[in-house]
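This report concerns only the one structure given below.
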Amino acid sequence: MVQDRIIDGMHYEGNCIRPPSEANSILLQVTLGCSHNKCTFCGTYKDKRFAIKNNDIILNDILFASKYMRGQDRAFLMDGDALIIPQQRLMWILDRIREHLPWVKRVGAYANTKGINMKTPEELKELREKGLGILFMGVETGDDEVRIRIRKGSNANHCTEMGRKIKDAGIKLSVTVLLGIAGAERSIEHAKATGELLSKMDPDYIGALTVMVIPGTPLWEEFKNGEFKLPDELGLLKELREMIQHTNITRGLFFSNHASNYLPVKARLPRGKQDALNLIDSALKGEIALKPEWMRAL
Ligand code: SF4
């Protein structure tokens, strides 16, 4: 009986993250970690083995939210790639959200190419009909050489196809790309290839973050050995400029206002492209101050 359950708070384990736009969402941790967990720059889930939480724990969290989170009309499924949950279980979770949190208007989750690949187009549509309204995908780069180096687990073509599959199912697609991930020497190739990938994928939202080298990750080792060198501040700005220049989407938001970035840019594409490029050009000429190092954060 639902009424007999002891609901004593939300059950969170380890490091939990969510996209900045989900800050006010009900955060339901339905999986632990990331099923891929191999990207060389990512230290987020190094403390966890991937697992799907049991239904009792998930239901308790939903019931807790039904009592105490009545003012929040979005929900976000953590951790790293909740889309990988087998279809029937994921449908069950979305059904319980609808049943106990009827005021929730949109459910979001992270997704990687593996999780998307495992769903048929029909299954994605079923999930959308049950409230899954947005998926967040880490694209990082469109440059295959870099994708191999960072162990992203798929090539640019497959990544593009998986993004298109989400959009074709009528689910909003928000992606992140990583400034600096190609190092100084492949910066411009990475920027062009990423812009080209984004143009083919045509996501609704694009967030450009600057890579932060995290101690304990394989990228940290490459950084310490001198195998990986970040572009300097101006190099990162040129990379951002090149990326925006090559990004031709039908309609969407491109933003680089994450705390990790030196220059906040927010452009509604395609209309705002030239203004964004002009802003970056002004920063390159030293007419706009960049964010000081101490203000940058993950
Ligand atoms: S797929 Fe995402 S969460 Fe998983 S290791 Fe890569 S960056 Fe980290």
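Laid out as a table, the results:
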{"read-out": "Electrostatic dipole magnitude of the stretch 38-165 [Cβ: Lys, Arg +1; Asp, Glu -1; Cα centre; debye, to 20]", "value": "160"}
{"read-out": "Contour minus Cα-Cα distance for Arg49 and Lys285 (0.36 nm per residue)", "value": "80.3 nm"}
{"read-out": "Protection proxy ranking of 271-283, 144-156 - average other beta-carbon atoms within 10 Å, highest first", "value": "144-156, 271-283"}
{"read-out": "Value in Å of the Kirkwood radius, where the stretch 168-234 supplies the Cα pairs that are averaged", "value": "13.5"}
{"read-out": "Restraint check, Lys67/Lys130; Lys152/Lys229; Lys229/Lys291; Lys67/Lys105; Lys67/Lys125, Cα-Cα greater than 25 Å", "value": "Lys67/Lys125"}
{"read-out": "For the chain, convex hull of alpha carbons as volume per residue, Å³", "value": "131"}
{"read-out": "Portion, in percent, of the accessible area of the chain that falls on carbon or sulfur, probe 1.4 Å", "value": "51"}
{"read-out": "Efficiency of FRET from Cβ geometry, Arg151 and Asp232, R₀ 35 Å, rounded to 0.05", "value": "0.85"}
{"read-out": "Over the stretch 109-233, volume per residue of the alpha carbon convex hull, in Å³", "value": "103"}
{"read-out": "Solitary cysteines of the chain, where the nearest other Cys Cβ is not under 4.7 Å", "value": "Cys16, Cys34, Cys159"}
{"read-out": "Anchor Lys114: aspartates and glutamates whose Cα lies under 19 Å away (excluding residues fewer than 8 positions away in-chain)", "value": "Asp79, Asp81, Glu122, Glu123, Glu126, Glu140, Asp143, Asp144, Glu161, Asp168"}
{"read-out": "Enclosed volume per residue, in Å³, of the convex hull spanned by Cα atoms of the stretch 1-142", "value": "113"}
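The values are calculated or read from the model by the stated rules, or taken from the named source; none is laboratory data. Please read these numbers as outputs of a predicted model, since none were measured by experiment. FYI the Cβ positions are ideal-geometry reconstructions off the backbone, even for glycines, and counts take in every protein chain you see. We work out accessible area using only protein heavy atoms, side chains counted, and drop any ligands, DNA or RNA first. Shrake-Rupley method; radii C 1.70, N 1.55, O 1.52, S 1.80 Å.
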